[in-house]
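Report on one structure; see the data block that follows.
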Amino acid sequence: MEYIPSLQQEFDELKPSLFELLAEQQLSDLLPPSIRYILAVATHRHPRYLLRVLNSFDEVYALLSLIVERYYLRNFGGSFTENFYSLKRERVLLTKNGEIPRAQLGAPGPVRESLKLHNSDVWKNLLVMVGIPYLKRKLDEGYDIHAAPQASLIMNGGPRYNPSDDLPPYPTIRQRFMHAYKWFLRNVYPSVNAAYYFSILAFNLAYLFDNTKYSSPFLWLIGTRIRRLSSADHQAIAKILEGKPQTPNSRSARSRPGTGLLGLFSPQNIYPQLLTSLRYFLPASIFALKFLEWWHASDFSRQLARKATDTLDIPAPITKGMISHSEKKCKPSMKQKQDPQSPKSALKSSSPHKRIQPPISASSYLPIFTVPLPPADSDAASSCPICLNQLTNPTACQTGYVYCYVCIFHWLNGEHQRQIDFMNGDGAGAAWEDDSGDSNDADGDGNETESTAKTGKSRHGKWESGKGRCPVTGRRVLSGTEGLRRVLI
């Protein structure tokens, strides 16, 4: 199918097929969103320097594209992406059918020079390659902001009139311009956009069946067509790429200061070298983007990360000086009597006598061991609900409650001393002990009686320790300890 246009009439080996032109156009359309995505990722790391560039991406990209495309048009005869498909742009002669086949075969060098783009042709092509796409992107963006919401509202049966779109009594020039701009987007631009795409489609079909020499209506307007590179073009491009600055030993280098070894880093040498290196940077960047897209879309990366973490045995955090609740129970509470404003005494004074209806597990139908929250109007409000001490390395659970990292880590693993004491029946645990010593056996209201609290009877099989659950709400925490998030204070 590549040579269908050539088989229609006479054979023209320099005329590219429509599929080559469409592939080149697709590559050209792929560059702006790819660069915008890379810039957006980099902006998350350095927002101070790149946020303004990202907000003005269309203008910055148009300026850079103008510089790059002008260099490639002047030196290689084609755009940046056309150079990868061995394509070029040339003027159309004002002769019969615009073709000189005999001269092309006999003297390809002089024909190339005569068909080469002049300075005015370069600027016309830059208008088509840079100016029109930039204007199209801005109009599409303006339509999505000002016209598309109202159009969808009208299609859904909403009102057709928006009072905010009316001009004020004494409008300024800016207000008049914005009113006319919105009116154009809502009433004229849809027809202009449809005519734009229909004209491109018509020229593509005509080019496919060899009825025109132009693949785009804009190329027809500026009198430029796209051709394959000839042998003379390849030789000229090879000379440009092999051109090297003069060595320091040459006479001209001695006579002209700044053209020696340091002349390699001069602006007149860095500029073409930098732009020429883009020929090799683009394929590498496209390969890298496709590889990253496959890496994030496939399950291979997740499996590899899971296998890497399975081999690591991360130890649990270790704390020194932790006293179990059973030992705390045996010690006299003289300090609490002397300091009635302590968090624990405040919790005892404000907590209710009975804990009614503890949370019930939906799978085992057993009550879940939880801890009460410290009173909000006391000094204990900033303490950990598990250990009742000041928060150390605050860590938020998925339910929104904040605990000490060591406490919530051991609690989710079912290894906290408070859970162990409660399940072994060695007292009711701090939470239930503070709530007037509730214990293992529950009465009809879901409360425990004091008789089993003193017997030390095990609660295994009758209660859940709260392993893998939020200590306050009893809700299951997804991903276990990996679902915890540190809190920066």
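The values are calculated or read from the model by the stated rules, or taken from the named source; none is laboratory data. Remember, it's a predicted structure, so these values are computed and weren't measured experimentally. Note that each Cβ is placed from the backbone with ideal geometry, even for glycine, and that neighbours are counted across all protein chains shown. Note: accessible area is taken over every heavy atom of the protein model, side chains too, but ligands, DNA and RNA are not part of it. Shrake-Rupley method; radii C 1.70, N 1.55, O 1.52, S 1.80 Å.
If you go through the range 53-83 and pick out every residue that is closer than 17 Å to residue 226 by Cβ and assigned to a loop (DSSP other than H, G, I, E, B), you end up with 5. Cβ-Cβ distances below 9 Å connect the following pairs, each with a first residue in the range 381-392 that is under 18 Å from residue 370 (Cα atoms), a second residue that is in a strand (DSSP E or B) and open to solvent by 60 Å² or more (accessible area, probe 1.4 Å), and a separation of six or more residues or different chains: 383/390; 384/390. Can you name the residue in the range 366-400 that is in a helix (DSSP H, G or I) and among the small types (Gly, Ala, Ser) and is also least open to solvent (accessible area, probe 1.4 Å) among such residues? It comes out as 380.
Among the residues making up the range 50-74, those that are over 25 Å from the mean Cα position of the chain (by Cα), touching a residue at least 60 places away in the same chain (Cβ under 8 Å) and open to solvent by less than 50 Å² (accessible area, probe 1.4 Å) are 68, 69, 71, 72.
Conditions (1) of a type outside the set (A, V, I, L, M, F, W, C); (2) under 19 Å from residue 141 (Cα atoms); (3) touching a Cys at 6+ places or on another chain (Cβ under 6 Å), marked per residue:
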| position | (1), (2), (3) |
| --- | --- |
| 176 | yes, no, no |
| 183 | no, yes, no |
| 187 | yes, yes, no |
| 207 | yes, no, no |
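Taking the criterion of being open to solvent by less than 50 Å² (accessible area, probe 1.4 Å), assigned to a helix (DSSP H, G or I) and within 25 Å of residue 123 (Cα to Cα), the residues of the range 202-244 that qualify are 203, 204, 207, 217, 218, 219, 222, 232, 233, 236, 237, 238.
Could you go through the range 401-421 and let me know if any residue there is of a type in the set (D, E, K, R), surrounded by 20 or more Cβ atoms within 10 Å (Cβ to Cβ) and at pLDDT 85 or above. Within the range 401-421, one or more residues are of a type in the set (D, E, K, R), surrounded by 20 or more Cβ atoms within 10 Å (Cβ to Cβ) and at pLDDT 85 or above.
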